[in-house]
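A short reminder: the numbers here are calculations on the coordinates, not readings from a lab. Here the structure is a predicted model, which means the values were calculated and not measured. Glycine gets a Cβ as well: all are built from the backbone with ideal geometry, and neighbour counts include every protein chain shown.
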Amino acid sequence: MAGSGVIHVDDLEVEVTVRRVKRMNLGVHPPDGRVRLSVPPRTSERALRRFVRDSRAWIEQHRTRIAEEERAAASRPTPRVRRGVSGEVWWRFGQALRLEVVADAGRPGVDLLPDHRLRVRVPDPGQAAAVLAALDRWERRELRAAAEPLLAHWCARIGVQHQFLGLRRMTTRWGTCVPSKGRIWLNVALFPRHPALLEYVIVHEAVHLAEGSHGPRFRALMDLHLPDWRARRTQLDATT
């Protein structure tokens, strides 16, 4: 085989990487059961295809297990305890991502990869605190980038102005508003939720800039600007 690439063995797509290994190594990877194969240099394509066909039952067994794990993980957007280790399911606006923690001597950082992987770069992958700190910074940047244009849009539509948008972790609220100062705070725990739920909280708090209570005027404004707000509220509360 000339080099690395993607081949199809019957109906199976396989990512092949040529490495300095003594034998072929096969892996099935979450979240979508992608098949990856490392092969020694000068491995013939005929031998490669035979190896994949001989391993097909093993591949399907692991794909079934991964699919079951993904369905179980999808039932709860945020785990009660986030460990910050490779293989853990992480969530970004309703999308499940698979965490990959790698060693990197540079500045800690997070990369969102196109195959639903979330790569965290830290000097020591075994230091969970450093991993979680990098993820927290990344979550806040991503949440702010999504929330700021939404808030600006809804404030203009409702006819109100905000002076400040803050992010913090809260235990009992998804958001808060101080109408007299134009201040809105959002719970960082919104980051894993679907964008429609983030939008609901933003509209809720923006309406509070016009009406501080949850009385009839507040409900009328919510009905006017976001008619399905009650359904979104119910869905959001169900994720806690």
**Request:** Would you kindly derive the ³J(HN,Hα) couplings of the stretch 218-223 from the backbone phi angles with the Karplus curve 6.51 cos²θ - 1.76 cosθ + 1.60 (θ = phi - 60°), listing them in order in whole Hz, with x for Gly and Pro?
**Result:** 4, 5, 5, 5, 5, 4
**Message:** Please compute the length gained on full extension between residue 45 and residue 157, using 0.36 nm multiplied by the number of residues separating them and subtracting their Cα-Cα distance.
**Reply:** 34.3 nm
**Request:** Let me have the 222 nm mean residue ellipticity of the chain computed from DSSP H runs of 4+ only, each contributing -39500 (n - 2.57), with the sum over all residues rounded to the nearest 500.
**Result:** -13000 deg cm²/dmol
**Asked** Given the chain, what percent of its DSSP beta bridges are antiparallel, to the nearest 5?
**Response** 60
**Request:** Would you kindly state how much longer the chain becomes between residue 107 and residue 8 on full extension, computed as 0.36 nm times their sequence separation minus their alpha carbon distance, in nm to one decimal?
**Result:** 31.8 nm
**Calculated FRET value between residue 183 and residue 67, using beta carbons and R₀ = 45 Å, to 0.05** = 0.50
**Asked** In the Gaussian network model of the chain, springs joining C-alpha atoms below 10 Å, which of 11, 104, 54 carries the largest mean-square fluctuation?
**Response** 11
**Message:** Using all alpha carbons of the chain, what is the percent of pairwise distances in each 5 Å bin, ordered from the shortest bin to the longest?
**Reply:** 1, 6, 11, 13, 13, 12, 10, 9, 8, 5, 4, 3, 2, 1, 0
**Prompt:** How big is Rg to Rh over the stretch 138-238, alpha-carbon atoms, Rh as the Kirkwood inverse-mean-distance radius?
**Reply:** 0.92
**Message:** I want to check the label-to-label distance for residue 127 and residue 234. Put each point 7 Å from Cα in the C-beta direction and report it in nm to one decimal.
**Reply:** 4.8
**Request:** Please give the direction-averaged projected area of the C-alpha convex hull for the stretch 78-170, in square nanometres with one decimal.
**Result:** 7.5
**Asked** Tell me, what HN-Hα J-couplings in whole Hz come from the Karplus equation 6.51 cos²θ - 1.76 cosθ + 1.60 at θ = phi - 60° for each residue of the stretch 35-47, using x for Gly and Pro?
**Response** 9, 10, 9, 9, 10, x, x, 6, 6, 6, 5, 5, 5
**Asked** Which whole-Hz ³J(HN,Hα) couplings does the stretch 135-151 yield from phi under the Karplus relation 6.51 cos²θ - 1.76 cosθ + 1.60, θ = phi - 60°, glycine and proline marked x?
**Response** 5, 5, 4, 5, 4, 5, 5, 5, 5, 5, 4, 7, 7, 4, x, 5, 5
**Message:** Can you sort 181, 22 from fewest to most other Cβ atoms within 10 Å of each residue's own Cβ?
**Reply:** 22, 181
**Prompt:** In whole angstrom, and with the biggest value first, how far do the Cα coordinates of the stretch 89-134 range along each principal axis?
**Reply:** 29, 19, 13
**Request:** Show the residues, 5+ positions off or on another chain, whose built amide H is closer than 5 Å to the amide H of residue 175.
**Result:** 187
**Complete:** Restricted to the stretch 5-73, the DSSP antiparallel beta bridge percent, nearest 5, is 65
**Item:** DSSP-defined beta bridges in the stretch 41-182 - what % are antiparallel, rounded to 5
**Value:** 55
**Request:** On a 0 to 90° scale, report how tilted helix 229-238 is relative to the longest principal axis of the chain, with both axes built from alpha carbons and the result rounded to the nearest 10.
**Result:** 50
**Asked** Pairing the Cα long axis of helix 56-74 with the longest principal axis of the chain, what angle in degrees results, from 0 to 90 and rounded to the nearest 10?
**Response** 10
